[in-house]
Amino acid sequence: MRFAPDTEESLVFVVALCNTDPSASRSGTDELATIEQLKALLDGYPFTGRIDHDEAELRDVHRTRALLRQVWTLDRDDAVGAVNKMLRDANALPYLVRHDDLDWHIHATEPGSPLAERIRVEAALALIDVIRMNEMDRLRICEADDCEGLVLDLSRNGLKRFCTVRCGNRMNMIAFRERRADR
């Protein structure tokens, strides 16, 4: 599956952000509990504009993480309402920009807007493409028994089941042991 590069980047970031939640993280703890952890997450993604590095911003990003986890699981028609609300709440006005090493892509908030608002709007813009292409089934929850990680399936055949290789290996080992026990 191929989306526009900025759409894929936004969706990949949503997965990374949402998989810091205790129900999805590798450690089983909130991997976005501190301002330093938020900074470390953002260091891996090209966010430009205002970043406050304070507790209020961290709380707003936590609310955004919860919202995006919920939107990820919605069916197509329900996702439309959630996406439209995110855009409306931010008074989003899409425009094309080119900066740093990035080619033309869409922004819809001012660089001075709060970080969590910019995250929500970028996610909403990416979800617009997913909805328009009728590809909501590419957004899933990990099939591992004890994991709630988000899965973004960009594979050609659309059969990705697990959020990480670790979850896939663990579930394959469980299935293998069950088959051996049945012999």
Entirely in the stretch 54-166, the helices (runs of 4 or more DSSP H) that have 2 or more residues that are open to solvent by less than 70 Å² (accessible area, probe 1.4 Å) and either closer than 18 Å to LEU38 by Cα or among the acidic types (Asp, Glu) (or both): 55-72, 115-132
Any chance GLU135 is farther than 19 Å from VAL12 by Cβ and not hydroxyl-bearing (Ser, Thr, Tyr): no
Residues (more than 23 Å from LEU159 (Cα to Cα) and loosely packed, with under 15 Cβ neighbours inside 10 Å) located in the stretch 1-34: PRO22, SER27, GLY28, THR29, ALA33, THR34
From the options LYS85, LYS160, residue that is free of Cβ contacts under 8 Å to residues at least 60 places away in the same chain and under 30 Å from GLY49 (Cβ atoms): LYS85
Residue under evaluation ALA116, criteria (1) small (Gly, Ala, Ser); (2) within 22 Å of PHE3 (Cβ to Cβ); (3) touching a helix residue (DSSP H, G or I) at 6+ places or on another chain (Cβ under 6 Å), criterion not met: (2)
Test: LEU96 is at negative phi, hydrophobic (A, V, I, L, M, F, W, C) and free of Cβ contacts under 8 Å to residues at least 12 places away in the same chain: yes
Condition broken by ASP182, with the remaining ones in (1) open to solvent by 50 Å² or more (accessible area, probe 1.4 Å); (2) touching a strand residue (DSSP E or B) at 6+ places or on another chain (Cβ under 8 Å) satisfied: (2)
Residues of the stretch 32-53 satisfying the condition of being in a loop (DSSP other than H, G, I, E, B) and closer than 25 Å to ARG140 by Cα: LEU32, ALA33, GLY44, TYR45, PRO46, PHE47
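The values are calculated or read from the model by the stated rules, or taken from the named source; none is laboratory data. These figures come from a predicted structure and were not determined experimentally. Note: ideal-geometry Cβ built from the backbone for every residue, glycine included; neighbour counts use all protein chains shown. In case anyone asks, the SASA skips ligands and DNA or RNA and just uses the protein heavy atoms, side chains included. Shrake-Rupley method; radii C 1.70, N 1.55, O 1.52, S 1.80 Å.
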